[in-house]
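Colleague: Pasting in a structure now, in structure tokens, and then I'll have a few things to ask.
The values are calculated or read from the model by the stated rules, or taken from the named source; none is laboratory data. Please read these numbers as outputs of a predicted model, since none were measured by experiment. All Cβ positions, glycine included, derive from the backbone under ideal geometry; neighbour counts span all protein chains shown. We work out accessible area using only protein heavy atoms, side chains counted, and drop any ligands, DNA or RNA first. Shrake-Rupley method; radii C 1.70, N 1.55, O 1.52, S 1.80 Å.
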Amino acid sequence: MHASQQPTGKARVVIVGAGFGGIAAATTLARANADITVIDRRNYHLFQPLLYQVATAALSPADIAWPIRGILGRQANARVELSRVVGVDREKREVKLAGGNRVPFDYLILATGARHAYFGHDDWAAVAPGLKKIDDATLIRQRVLLAFERAEVETSRRTQRALLTFVVIGAGPTGVEMAGAIAELARNALACDFRRIDPSAARVVLVEAGPRILPSFSESLSRRAHNALEALGVRVLLGVPVTQCDDAGVIVDGLRISARTIVWAAGVAASPAARWLGAEADRNGRVMVSRDLSLNDDPNIFVIGDTAIALDASGKPIPGVAPAAKQMGVYVGKLIAGRIKGKRLTAPGFRYRDYGSLATIGRKAAVAQFGRYRLWGFPAWLLWAMAHVYFLIGARNRIVVSLNWLWNYVTLERGARLIIGATEEGPEMEALEMHAAVPDTERPRAA
């Protein structure tokens, strides 16, 4: 226990993770007779759906993030701790932190989100970063922009072609949005910036092991999104898994695609929460929870968002999306507040309300699905933009993002084209020097 944390007679609620679910739970408990501690290893809440725009220079990191203390600063019963959780002592009812400190709890909410899953190929992470954090987005932005800079001074046509080839693995919403955004960046924002290369000649390849892109959408919207990507010049490869990622590119269906920039959008795995709790988990590490999102053997420990595998009334897994995490956070917050008052919710368990799905492909192109209703093209894109601005935290972020999008729409420019953290002797330059590009049609040699 921290020396400053003395018993107050109030229920002690500890929330691990300040994502959509964690923040929703904390704010829902604002009037509860509780001392709330929110623990996160970063000091900001991140609006993950727009991370790809940071990665493709449309927005700056500060446009989609907000300090956790700024969100909860006026909530008298909440405190924020910048720490890394390393375990949970269920017997002593304490959360264990790096450095040896412990935080006691009466109620625990784990909302620790997800990380990248490489399906047994964790060594691919170095060459194919995913997109879950601001650090990921700025790294991808660095690699994308550096590719054009180095292609400008490259004398080898083969290496230049590899530099101007971008591979996105996984065709869910993140992969589709990344592929479209990179294509638009090359064909619009960078079109007049270089003299020796033509950025619009850059190749963007989207690889999906399944039979179609955006599998969570209807087949008709999937086809429309596919056509919109091809109209942007994106090459879509379906039904072909990636079998190798390295500094020189990827191997797909036995063929080598030479590329210097690879983005991973193919899968996620839960945080180590199941291991902390010694709880049952699925193959992706998500904790199995009961209908009220608590552990089956502990009604005062809750797991929400991407960290949990929860089933709806029909027995289907609730999707790992931001709206679901927020709804879970509100539900658990109300449940705990009711228990503190000695009341119980009348509802038998958590019920997810699906308000629809949105995905953008590029300028004036998006798809939207609301139950039986379908929307595509400019109307869907406009709806997508309004929805994302609405759900951003803070008036400043809403105004800045709206103005940025308006400017980008009118001028076709992107103002966040900063290469941060790159050096002449960085890993990208080493890879450039060590690996010669391999023609797309060349099959890899046997080991």
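Colleague: Using a Förster radius of 30 Å, what is the FRET efficiency between ALA126 and GLU152 based on their Cβ-Cβ separation? Nearest 0.05, please.
Modeller: The formula returns an efficiency of 0.75 here.
Colleague: Determine the percent antiparallel among the DSSP beta bridges restricted to segment 1-87, to the nearest 5.
Modeller: Values: 3 of 14 bridges.
Percent antiparallel among DSSP bridges in segment 1-87 is about 20.
Colleague: At ARG41 and ARG223, where each label point lies 7 Å from the Cα along Cα→Cβ, what is the point-to-point distance in nanometres?
Modeller: 4.5
Colleague: Now, a different point. Measure out, as a whole number of angstrom, how far apart the alpha-carbon centroids of segment 88-102 and segment 186-213 sit.
Modeller: 48
Colleague: Using only Cα atoms, find the angle between the long axis of helix 322-340 and the longest principal axis of the chain, and express it within 0 to 90 degrees, rounded to the nearest 10.
Modeller: Helix 322-340 and the main axis of the chain meet at about 10 degrees.
Colleague: Rounded to the nearest 5, what is the percent of antiparallel bridges among the DSSP beta bridges in segment 195-321? Don't skip to the answer; put the middle values down first.
Modeller: Numbers: 12 of 19 bridges.
Here the antiparallel bridges make up roughly 65 percent for segment 195-321.
Colleague: With every protein chain left in place, what is the accessible area per residue of segment 216-325 in square angstrom, probe 1.4 Å?
Modeller: On the way: 4660 Å² over 110 residues.
That works out to 42 Å² for each residue.
Colleague: Turning to a different aspect of this structure: If you filter segment 228-316 for trypsin sites (Lys or Arg not before Pro), then keep DSSP loop positions with at most 16 other Cβ within 10 Å, what is left?
Modeller: ARG283, ARG291
Colleague: Pull out a ≥ b ≥ c, the square roots of the eigenvalues of the alpha-carbon gyration tensor of segment 46-124, then state rounded if a/c is under 1.5, prolate if not and a/b is larger than b/c, and oblate in the remaining case.
Modeller: oblate
Colleague: Separation between the LYS343 and ASP135 pseudo-spin-labels, each 7 Å from Cα along Cα→Cβ, expressed in nm?
Modeller: About 4.3 nm separates the two model spin labels.
Colleague: At what distance in nm do the modelled label points of THR27 and ASP106 sit from each other, each positioned 7 Å from its Cα along Cα→Cβ?
Modeller: Those two pseudo-labels are separated by 2.5 nm.
Colleague: Angle, helix 173-184 long axis vs. longest principal axis of the chain, Cα atoms, 0 to 90°, nearest 10?
Modeller: Tilt relative to the chain: about 40 degrees.
Colleague: Determine the gain in length on full extension of the stretch ASP246-ASP312; use 0.36 nm per residue of separation and subtract their C-alpha separation, reporting nm with one decimal.
Modeller: Stretched out fully, the ASP246 to ASP312 stretch lengthens by 19.8 nm.
Colleague: Which of the trypsin sites (Lys or Arg not before Pro) found in segment 308-375 are loop residues per DSSP with 14 or fewer other Cβ atoms within 10 Å of their Cβ?
Modeller: The qualifying sites are LYS341, LYS343, ARG344, ARG351, ARG353, LYS364, ARG372.
Colleague: Using alpha carbon centroids, what distance separates segment 220-276 and segment 159-178, in Å?
Modeller: Between the Cα centres of segment 220-276 and segment 159-178 lies a distance of 7 Å.
Colleague: Go ahead and estimate [θ] at 222 nm for the chain from helices alone: -39,500 (n - 2.57) per DSSP H run with n ≥ 4, summed, over the residue count, rounded to 500.
Modeller: -9000 deg cm²/dmol
Colleague: Same structure, new question: Would you kindly state how much longer the chain becomes between LEU382 and GLU280 on full extension, computed as 0.36 nm times their sequence separation minus their alpha carbon distance, in nm to one decimal?
Modeller: 32.5 nm
Colleague: Select from PHE47, PHE20, PHE350 the residue whose mean-square fluctuation is largest in a Gaussian network model of the chain (Cα-Cα springs shorter than 10 Å).
Modeller: For the chain, modelled as a Gaussian network with Cα springs under 10 Å, the answer is PHE350.
Colleague: A follow-up question, please. Straight distance only, please: which lysines reach the Cα of LYS343 with their own Cα at less than 28 Å, same-chain residues fewer than 8 apart left out?
Modeller: Those lysines meeting the cut-off are LYS10, LYS92, LYS326, LYS334.
Colleague: Tally up the carbon and sulfur contribution to the accessible surface of the chain as a whole percent, 1.4 Å probe, everything protein left in place. Numbers along the way, then the final one.
Modeller: Working: 11170 of 21210 Å².
Carbon plus sulfur share of accessible area: 53 percent.
Colleague: Check each of the trypsin sites (Lys or Arg not before Pro) in segment 88-161 and keep only those in coil by DSSP with at most 13 other C-beta atoms within 10 angstrom; list them in order.
Modeller: Sites meeting the loop and neighbour criteria: LYS92.
Colleague: Now, a different point. Return the sequence-ordered ³J(HN,Hα) values of segment 151-168 in whole Hz as given by the Karplus equation 6.51 cos²θ - 1.76 cosθ + 1.60 applied to θ = phi - 60°, using x for Gly and Pro.
Modeller: 3J(HN,Hα) across segment 151-168, in whole Hz: 5, 4, 10, 6, 9, 7, 5, 5, 5, 4, 5, 5, 5, 9, 10, 10, 10, 10.
Colleague: In degrees from 0 to 90, rounded to the nearest 10, what is the angle of the helix 377-391 Cα long axis to the longest principal axis of the chain?
Modeller: Its long axis makes an angle of about 40 degrees.
Colleague: Starting from 0.36 nm per residue, how many nanometres of slack lie between LYS364 and ARG235 once their C-alpha separation is accounted for?
Modeller: Result for the pair: 44.5 nm of gain on full extension.
Colleague: What fraction of the DSSP beta bridges in the chain is antiparallel, stated in percent and rounded to the nearest 5?
Modeller: In the chain, DSSP labels about 50 percent of beta bridges as antiparallel.
Colleague: In straight Cα distance, which lysines are under 26 Å from LYS364, not counting same-chain residues fewer than 8 positions off?
Modeller: LYS132
Colleague: Specify whether the C-alpha gyration tensor of the chain places it in the rounded, prolate or oblate class, a ≥ b ≥ c being the square roots of the eigenvalues: rounded for a/c under 1.5, otherwise prolate if a/b is larger than b/c and oblate if not.
Modeller: Since a/c reaches 1.5 and a/b is larger than b/c, the shape of the chain is classed as prolate.
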